[in-house]
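The values are calculated or read from the model by the stated rules, or taken from the named source; none is laboratory data. Bear in mind that the values here come from a model prediction, so they are computed numbers and not experimental data. All Cβ positions, even for glycine, are placed from backbone atoms using ideal geometry, and neighbour counts span all protein chains on display. All accessible areas refer to the heavy atoms of the entire protein, side chains included, with ligands and DNA or RNA removed. Shrake-Rupley method; radii C 1.70, N 1.55, O 1.52, S 1.80 Å.
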Amino acid sequence: MTTPKTILFIHGMFMNSSCWDDWMRFFSGKGYSCLAPSWPGHEGSVKELREKHPSASLEKLTLGDVVRFFEEKINGLPGKPVLIGHSMGGLAVQLLLNRGLASAGIAVDPAPPKGVFSFKWSFLKSNLPVVNPLKGNRPDLMSLKRFRYAFVNGMSESEQENAWTRYVVPESRNVPRSSTKNDGKADFRKAHDPLLIIAGGNDHIIPPSLNRKNFEKYKAVGSVTEFKEFPGRNHFTIGQPGWEEVADFCEKWINRNVK
């Protein structure tokens with residue numbers, strides 16, 4: 001009898017583990033063992049987290065803190081899991097895979113590692129309000145207006161509002177700031193276990209061209225590194241209607257690449 005593969009899901013900024021509920025059910029139904037811990041300072045319901053805003057626990061949280069948190073979770077498992085991460089969680093997947101802590105990694109619309117950048121207006125417009133140094137360290141609660149542009153463009157207004165109400169939580173400004181420094185540094189020449197980078201063709205905050213630039217940085221000979229763009233999908237690929245197509249693609253990719 002084979003042991004079920006373990007998948008550890010890593011959410012991105014402005015959300016907590018609840019954004020993976022549908023994916024957890026999907027992969028559990030396929031026989032996988034699924035875990036989705038919330039980042040430090042992101043535990044609890046969306047309602048509770050909004051009521052605590054601004055939370056002092058988020059003021060100093062960095063990407064390094066997030067990655068160390070998941071490294072500890074992985075070290076407590078009996079074997080190396082498959083990692084699936086979204087947005088900044090996708091960058092965390094790349095960094096953890098870089099450390100040899102996963103059997104494979106899937107980065108969905110990942111934030112870029114240090115040194116990978118875009119000058120596209122949609123990228124700048126979506127990200128600058130978060131990292132603006134004039135805002136200090138006060139956690140940021142993304143407005144519905146910003147969320148509509150950065151995450152859920154192309155969805156109906158009711159779908160956008162429902163997603164904002166259901167999932168969006170306050171976020172640390174120092175997570176994205178630290179991602180542009182050593183916390184976000186990836187060794188692109190180091191051999192690694194299989195990596196899949198997924199891009200949404202209509203993603204504003206992490207344009208597909210930036211995801212491709214991220215993918216093309218990998219130089220390790222013999223390491224499986226793949227890129228897949230889903231046309232018309234926005235940054236909220238994991239929750240946008242039709243997410244099942246993306247999840248199914250991921251499941252088939254895992255079956256091909258993880259034994």
Given +1 on the Cβ of Lys and Arg, -1 on the Cβ of Asp and Glu, and no further charges, what dipole in debye does the chain carry about its Cα centre, rounded to the nearest 20? 800 debye
Please compute the net charge surrounding Arg68, taking Lys and Arg as +1 and Asp and Glu as -1 over other residues with Cβ under 12 Å from its Cβ. -2
Rg and Dmax of the stretch 1-54 over Cα atoms: what are they, in angstrom? 13.5, 49
Listed values (i) 0.99; (ii) 0.93; (iii) 1.01, entry calculated as Rg/Rh (Cα atoms, Kirkwood Rh): (ii)
Output the relative contact order of the stretch 75-182, whole-number percent, from Cα pairs under 8 angstrom with separation of 6+ residues. 24 percent
Note to self, the chain gives a 222 nm [θ] from helices alone (DSSP H runs n ≥ 4, -39500 (n - 2.57) apiece, / all residues, nearest 500) of -11000 deg cm²/dmol
Residue separation times 0.36 nm, minus the C-alpha to C-alpha distance between Arg68 and Val258: what's the value? 66.0 nm
Could you work out the relative contact order of the chain? I mean the mean sequence separation of Cα pairs under 8 Å and 6+ apart, divided by the number of residues, in percent. 23 percent
How far apart, in nm, are the 7 Å Cα→Cβ label points at Thr165 and Phe117? 4.0 nm
Around Val258, what is the net charge, scoring Lys/Arg as +1 and Asp/Glu as -1 over all other residues with Cβ under 10 Å from its Cβ? +3
Whole-percent carbon and sulfur share, accessible surface of the chain, 1.4 Å: 52 percent
With every protein chain kept in place and a 1.4 Å probe, the stretch 138-222 has an accessible area per residue in Å² of 45 Å²
Residue pairs, from the table Lys73/Lys120; Lys135/Lys213; Lys80/Lys190; Lys60/Lys135, whose Cα atoms sit over 25 Å apart: Lys73/Lys120; Lys135/Lys213
What is the sum of charges around Ile198, taking Lys and Arg as +1, Asp and Glu as -1, for the other residues whose C-beta is under 12 Å from the C-beta of Ile198? -2
